[in-house]
C-alpha cells in the first residue's frame, strides 16, 4: 500500500513540476505526456487504497489517507507561495511537514499499528517518523545548493522552478530589502540564465543559508534519535538509528 501510494505521489509530482527526469531516468510524463501520467498515478493510488480495503486494514488505510490529504495540501500551499515568492521559514517548515514528513510518519505509524502497539507507542513512532521526514527533506533541499546535485535532479533545479527552500529563505531573511529584490529577480531569470542561477547559489552559501539548514537538519535528526532512545535495545532499534544517520549522511 505504502509503495503504491508513494509511487503515485511521485508521478503526480513530476506532472505538477513539469519534470522530465526522475532519478536519472525519463519520467512517465516525459515519455507519455501528462494526461497518461495523471491517470497512471490515479490507478496506483486506487490500487494502494484497495490493498488495505481488501485486507480489512482500515486503521492503516485511515493513517495513509490522512497522509495523502496532508501531502496534497502541502503541494497546493507550495504552488501558491511559489507564485508569490514570499515563503518564510514558518511556511517552509509547514510545507515540508505536509509534503514529506507526514508521509514518512505514516509509514512508521503503520509499522507500529500493524504490530498491535498501544496508543503511546503509536504516538512515539509517528513523532519519530515526522522528525526523520523533516531531516530527510531538508537534506534534499541542501543538495540543490551543492556543486553536484542529486542523481536525476541537477543542482539549482528548485531555484529554476522558483521554489524557495530553507538555504535561500534564511539567507534572504538576513539581507536588506534591496538585496532581497536583486536575488529574487535573479531567481526569476535562473531558468534561462546560468550566471543568475550561480549568483543565487553562491548567495545562499555566503549568507550562511546552507550552514543554517545543516544545523536545522541535525536538530530534527537528534529529535528522532531521542525518541528512539526510550525503546529497549534490539536489532530493530539499531536499524532505525542507522536509517536516521543515513538520511543526513547520504550523498544522493
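Laboratory data are not the source of any read-out in this text; all were calculated from the coordinates shown. This is a predicted model, so every value here is computed, not measured. Please note: Cβ atoms are built from the backbone with ideal geometry, for glycine as well, and neighbour counts cover all protein chains shown.
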- Listed peptides 227-239, 130-142 by packing density, highest first (mean Cβ within 10 Å): 130-142, 227-239
- Exposure proxy ranking, count of Cβ atoms within 10 Å, fewest first, for 16, 200: 16, 200
- Message: As a test of the formula, what do you get for the chain when each DSSP H run with n ≥ 4 contributes -39,500 (n - 2.57) and the sum is divided by the residue count, at 222 nm and rounded to the nearest 500 deg cm²/dmol?
- Response: -25000 deg cm²/dmol
- Measure nothing but the geometry: give the 0 to 90° angle between the long axis through the Cα atoms of 235-249 and the longest principal axis through the Cα atoms of the chain, rounded to 10°. 10 degrees
- Under the definition of Cα pairs under 8 Å and six or more residues apart, what whole-number percent is the relative contact order of the chain? 17 percent
- Message: As a footprinting exposure proxy, order 21, 207 by other Cβ within 10 Å, with the fewest listed first.
- Response: 21, 207
- Query: Say R0 is 45 Å: what FRET efficiency, to the nearest 0.05, do residue 226 and residue 181 get from their beta-carbon distance?
  - Reply: 0.65
- Relative contact order %, region 1-56, counting alpha carbon pairs below 8 Å whose residues are six or more apart: 45 percent
- Helix 209-228: angle to the longest alpha-carbon principal axis of the chain, degrees 0 to 90, nearest 10? 10 degrees
- Message: For the chain, take the longest principal axis of its alpha carbons; what is the angle in degrees between that and the long axis of helix 119-143, to the nearest 10 within 0 to 90?
- Response: 30 degrees
- Let me have the relative contact order for region 126-250, percent, based on Cα pairs under 8 Å that are six or more residues apart. 35 percent
- Item | Against the rule of thumb 2.2 N^0.38 Å, how large the Cα Rg of the chain comes out | 1.06
